[in-house]
Amino acid sequence: MNTQIIFETQRLIVRKLLLSDLQPFHEMQSNINVMQYVRVKEMTFEENTKELAELIEKYAHIENDFWIYAIEKKLDHKFVGTCALIKDSNKEDEIGYRFLEKYWKLGYGLEICKGIINYCSLVGMPKLIAYVADDNNASIKIVESCYFQFVKKVYDPTLKITETKYELNL
């Protein structure tokens, strides 16, 4: 198995980010529709270039609590998005994912969420959490169909939105 690959699903490969991912990474990060629940604004090419390099550099630090991986299609190895395994401010294992807008509504969100759950279970994580913006109906459906349970509502003052915290015991 390629050492860059973290796990696979039926149609997708989750692997470490590469500098060659810059163009589709930038396309995703500079799309306000994609970023509306993540940042106040889309990111510039320069910001994305710097962020991609920083995310790749984190792989060298095993104690790192911020793992962002590329998601690509098995069929043609095209970059479709990213998924995250990070520790939140309470040191809980939080998951996340985002996709280029042209890959929305293809079932990749549900597939990657199930893949993350399976991977995290295999590596021995006891529980996962997810924060979902209350008007992000697609992600709400995904986490709820993966049996994440409601924990509480939280307000994000930076984004000025209410999110729901969900958790799943593995």
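The values are calculated or read from the model by the stated rules, or taken from the named source; none is laboratory data. Note that the structure is predicted; figures quoted are calculated from it, not measured. All Cβ positions, even for glycine, are placed from backbone atoms using ideal geometry, and neighbour counts span all protein chains on display. The protein model used for the area step is the full one, side chains on, heavy atoms only, and it has no ligands, DNA or RNA in it. Shrake-Rupley method; radii C 1.70, N 1.55, O 1.52, S 1.80 Å.
The mean sequence separation of alpha-carbon pairs under 8 Å and at least six residues apart, normalised by the residue count of the range 1-77, gives a relative contact order of 38 percent. Carbon-plus-sulfur accessible fraction, the chain (probe radius 1.4 Å, protein heavy atoms only): 54%. On alpha carbon coordinates alone, what is the Rg over Rh value for the chain, Rh being the Kirkwood radius? Ratio of gyration radius to Kirkwood radius: 0.93.
Counting each DSSP H run of 4 or more residues in the chain as -39500 (n - 2.57), what helix-only mean residue ellipticity at 222 nm follows after dividing by all residues, to the nearest 500 deg cm²/dmol? Value at 222 nm, helices only: -8500 deg cm²/dmol. If you count Lys pairs in the range 33-97 whose Cα atoms are under 30 Å apart, skipping same-chain pairs closer than 8 places in sequence, the total is 20. Dividing the mean sequence gap of close Cα pairs (under 8 Å, 6+ apart) by how many residues the range 1-152 holds gives a relative contact order of 20 percent.
In terms of accessible area, using a 1.4 Å probe and ignoring ligands and nucleic acids, Val40, Val154 rank largest first as Val40, Val154.
Taking Met125, Met43 and ordering them by how much accessible surface each has at a 1.4 Å probe, largest first, produces Met125, Met43. Within a Cβ distance under 10 Å of Asn64, other residues only, what is the Lys/Arg minus Asp/Glu net charge? Result for the local shell: -1. Ranked by the mean number of other Cβ atoms within 10 Å of their residues, highest first, the peptides 31-38, 72-79 fall in the order 31-38, 72-79. On the basis of the beta-carbon distance and an R0 of 41 Å, Leu122 and Lys160 show a calculated FRET efficiency of 0.65.
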